[in-house]
Amino acid sequence: MSSNASTVLPQGAGYGVVVGMGLFFSGLMLLLTFVQKRYTAFSPSNAEEFTSASRSVKPGLIAAGIVSAWTWAATLLQSSAVAYRYGISGPYWYAAGATVQVLLFAQLAAKLKLNAPNAHTFLEIIDVRFGPVGHAVFLFFGLATNVLVSSMLTLGGSATVTDLTGMNTIAACFLIPIGVSIYVVVGGMRATLLCDYTHTAVLFIIIMIFTFTVYGTSDKIGSPKAMHDLLTKVAAMDPVKDNAGGSYLTMRSVGGIIFGVINLVGNFATVFLDQAYWQRGIASHPATSVKAFLLGGLAWFSIPFLMATTMGLAARALMGDPAMKVLTDADISAGLPAPAAAAALLGKGGAAALLILLFLAVTSATSAELIAVSSILTYDIYKRYINPKATEQQILWVSHMMIVAFALFMGVAGTIFYYIGISMGWLYLFMGTVLGSAVVPVALSITWKSANTWGCVAGAVGGFCAGLIAWLVTTSKLNDGVLNAETTGQNYPMLAGNVASIVVGGLIAVIWTLIAPNTTFTWEQTRAINSPESHIHHKTAEPSAPADEDDKDSSEKNQVTEFTQPATDDELKGITTEAELDRAGLKKAFTFAVWASVALFVVMIILVPLPLFFSKVVYGVKGFTAWTTIGIIWMFFAVFTVVLYPVWESRVALGMVTRGIVKDIFTGGSGRYLGPAPGAA
């Protein structure tokens with residue numbers, strides 16, 4: 001992770017990307033914010049719009065935002081590192097083991113819209129369900145999730161920037177989040193989603209360039225057959241322990257499946273406890289929130305799977321090549337196989353592309369974390385405990401300040417972990433041990449009316465303790481009492497801690513509830529969170545137009561509301577009324593989410609990988625070619641879903657903005673959006 005003289009790019013390139021692209025996206029955000037305020041009904045100067053995009057975003061853009069928020073530095077770097085260690089099983093287990101959580105979260109998104117449609121954070125629901133003690137306990141887990149995720153982002157990003165350019169690691173730890181905080185403060189949730197969309201589009205382009213270089217045009221590899229032959233030769237010289245035949249071309253990998261279990265458990269925590277995903281559920285249009293999470297999860301699968309199958313395997317295949325950097329265990333844990341492969345294959349151009357790719361991934365995920373933490377600190381601490389009667393402007397001001405404050409904290413946390421020798425890979429394996437115990441209790445808070453308050457609180461605390469004990473005891477037993485960053489980061493201790501945490505936490509919460517169910521709670525209590533005053537009535541611009549699941553063109557007009565009592569649009573925008581909720585539709589959406597997500601879970605985690613594991617098959621050239629082809633086809637599906645589809649579904653809004661700009665240019669500034677005429681139906 002330290003700077004060295006053999007960096008591919010000059011140090012100025014690192015500062016140029018981190019600072020220059022940060023300023024570029026800040027400028028882009030200013031432009032998007034100006035366009036949004038002038039040509040649409042939404043303004044980020046409204047607190048609801050700033051934090052939740054007025055709860056009106058369509059599924060394609062939400063799906064793109066989910067892909068953006070879930071594409072961490074680890075998505076690109078750790079996935080490639082496990083491919084480097086274990087072969088083709090690593091990319092599959094990384095992708096599948098972190099996709100199913102987003103798919104399953106679709107169930108919570110449906111329940112969120114049904115049972116708490118006006119909540120700003122999941123902790124507001126916890127507060128109503130479990131009271132002040134429960135709120136405090138789960139506030140710890142929520143913020144701990146954001147701290148660990150943010151630390152992984154800064155550690156992974158700074159390690160790669162330093163490795164490729166020699167840029168000072170500490171400078172990178174601070175400059176990356178601070179640059180992102182500038183444009184998040186300016187734009188809020190909707191503009192951030194739009195900016196994340198551009199990040200995601202460029203990210204797919206760069207991954208495709210790497211893929212078609214490695215499997216199509218490279219003189220070092222150039223085809224799936226050449227990759228297969230190189231990996232076979234490497235395995236003959238350096239076989240993989242506990243892989244079938246020592247091969248990199250098999251799903252029969254003990255190390256791979258252990259990583260898969262750790263990955264599966266740990267990522268339940270970082271989805272179900274991360275406000276960033278609840279924020280996207282909150283921001284989505286009620287009728288299409290399930291669709292957004294299912295599409296986003298399926299699209300995201302292609303990123304780590306294809307990236308690691310390309311760059312992680314390429315790094316291993318090129319071992320011994322003069323252009324390929326020799327990687328130490330510390331380098332692998334820091335996620336450096338992918339940068340090394342990019343430099344070896346494409347020289348400075350490859351290193352620059354990887355640097356931009358990583359910067360886009362880190363900044364997109366960082367923006368999601370900043371908005372998420374800002375919402376928690378604003379609504380669950382400031383408004384809950386400090387100033388319950390806070391005005392909208394006070395809430396907005398605090399939201400801005402919390403974004404900046406957490407950006408600085410991210411730099412501090414990354415620096416601390418760097419100096420004590422904790423890498424991105426170590427944190428990635430560890431997060432489930434600390435966070436997993438709260439997963440089941442949080443899920444029960446929005447899905448099970450009978451969930452027992454003390455059972456859920458005890459589950460979170462008891463599972464946390466069990467996870468830490470299992471982790472430390474296993475480490476001690478396997479290493480003669482030696483506890484350090486190296487021994488505690490081994491697979492078996494991390495596996496023990498992750499599994500103990502989520503299993504014990506879930507069992508305590510469920511068993512306690514079955515013994516002593518809550519019989520006094522009703523969902524009306526959570527539905528009342530931030531509900532509009534009863535004397536205020538919404539009516540849509542087209543009340544006769546049916547609300548359909550695909551949120552068609554008429555919804556552009558339906559987003560504009562009128563009020564029968566004197567009240568400004570800014571005061572009430574983003575509040576979901578009972579009349580706007582199709583409860584029957586949401587119940588059907590929840591049922592669909594259950595069947596779809598559970599079916600996909602079974603396919604991805606059981607039906608596909610386990611038969612391949614137990615069969616001990618080592619892929620030949622045709623099998624490996626088919627494996628990579630599936631990844632490429634999946635990537636094209638993802639591009640259609642989160643790059644092309646959002647443009648199509650927003651065509652009416654884009655047309656409205658375009659007409660406004662044309663009017664401004666040719667008819668003396670008359671393009672400003674003025675809303676419906678008084679008394680319009």
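The values are calculated or read from the model by the stated rules, or taken from the named source; none is laboratory data. Bear in mind the structure is a predicted one, so any value in this text is a computation, not a measurement. For neighbour counting, all protein chains shown are included, and Cβ atoms are generated from backbone atoms with ideal geometry for every residue, glycine included.
Observations on the structure shown:
- The residues on offer are Thr625, Thr576, Thr561, and the sole one that is surrounded by 16 or more Cβ atoms within 10 Å (Cβ to Cβ), in contact with a Lys or Arg (Cβ under 8 Å, 6 or more places away or on another chain) and at pLDDT 95 or above is Thr625.
- Lone qualifier among Ile221, Ile176, Ile170 - being assigned to a helix (DSSP H, G or I), surrounded by 21 or more Cβ atoms within 10 Å (Cβ to Cβ), aliphatic (A, V, I, L, M) and in contact with a helix residue (DSSP H, G or I) (Cβ under 7 Å, 6 or more places away or on another chain): Ile176
- Taking region 8-65 and the helices (runs of 4 or more DSSP H) fully enclosed by it, the elements with 3 or more residues that are hydroxyl-bearing (Ser, Thr, Tyr) are at 22-39.
- In region 242-293, residue farthest from Glu369 (Cα to Cα) [restricted to those that are of a type in the set (Lys, Arg) and under 19 Å from the mean Cα position of the chain (by Cα)]: Lys291
- Only one of Ala407, Ala413, Ala352, Ala361 that is at pLDDT 90 or above and surrounded by 24 or more Cβ atoms within 10 Å (Cβ to Cβ): Ala407
- Residue list for region 334-388, restricted to those being under 22 Å from the mean Cα position of the chain (by Cα) and either free of Cβ contacts under 8 Å to residues at least 60 places away in the same chain or part of a loop (DSSP other than H, G, I, E, B) (or both): Ala334, Gly335, Leu336, Leu377
- Restricting attention to region 586-626, the residues being more than 29 Å from Gly222 (Cα to Cα) and free of Cβ contacts under 8 Å to residues at least 40 places away in the same chain number 10.
- Test: residue in region 389-396 that is touching a residue at least 12 places away in the same chain (Cβ under 8 Å), part of a helix (DSSP H, G or I), touching a helix residue (DSSP H, G or I) at 6+ places or on another chain (Cβ under 6 Å) and under 30 Å from Ser158 (Cα atoms): no
- Any hit, region 25-34, residues being among the small types (Gly, Ala, Ser) and either modelled with pLDDT of 80 or more or over 25 Å from Ala119 (Cβ atoms) (or both): yes
- Subset of region 257-289 [over 14 Å from Ala98 (Cα atoms) and either of a type in the set (Ser, Thr, Tyr) or touching a strand residue (DSSP E or B) at 6+ places or on another chain (Cβ under 9 Å) (or both)]: Arg280, Ala283, Ser284, His285, Thr288, Ser289
- Within region 262-295, the set of residues being in contact with a Leu (Cβ under 6 Å, 6 or more places away or on another chain) and over 23 Å from Ala596 (Cβ atoms) comprises just one member, Ile262.
- Once region 438-459 is narrowed to residues that are among the small types (Gly, Ala, Ser) and more than 20 Å from the chain's Cα centre (by Cα), the residue that is farthest from Thr488 (Cα to Cα) is Ser450.
- Tally of residues being in a helix (DSSP H, G or I) and either without any contact (Cβ under 8 Å) to a residue 12 or more places away in the chain or surrounded by fewer than 20 Cβ atoms within 10 Å (Cβ to Cβ) (or both) across region 303-330: 2
- Qualifying residue in region 74-96 (condition: surrounded by 24 or more Cβ atoms within 10 Å (Cβ to Cβ) and not in a helix (DSSP H, G or I)): yes
- Filtered residues of region 487-507 (kept if surrounded by fewer than 24 Cβ atoms within 10 Å (Cβ to Cβ) and either among the aromatic types (Phe, Trp, Tyr) or under 17 Å from Ala458 (Cβ atoms) (or both)): Tyr492, Val503, Val504, Gly506, Leu507
- The single condition among (1) closer than 30 Å to Thr526 by Cβ; (2) surrounded by 24 or more Cβ atoms within 10 Å (Cβ to Cβ) that Lys449 does not meet is (2).
- Selected residue (criterion: surrounded by the fewest Cβ atoms within 10 Å (Cβ to Cβ)) from residues of region 418-446 that are more than 18 Å from Thr520 (Cβ to Cβ) and hydroxyl-bearing (Ser, Thr, Tyr): Tyr419
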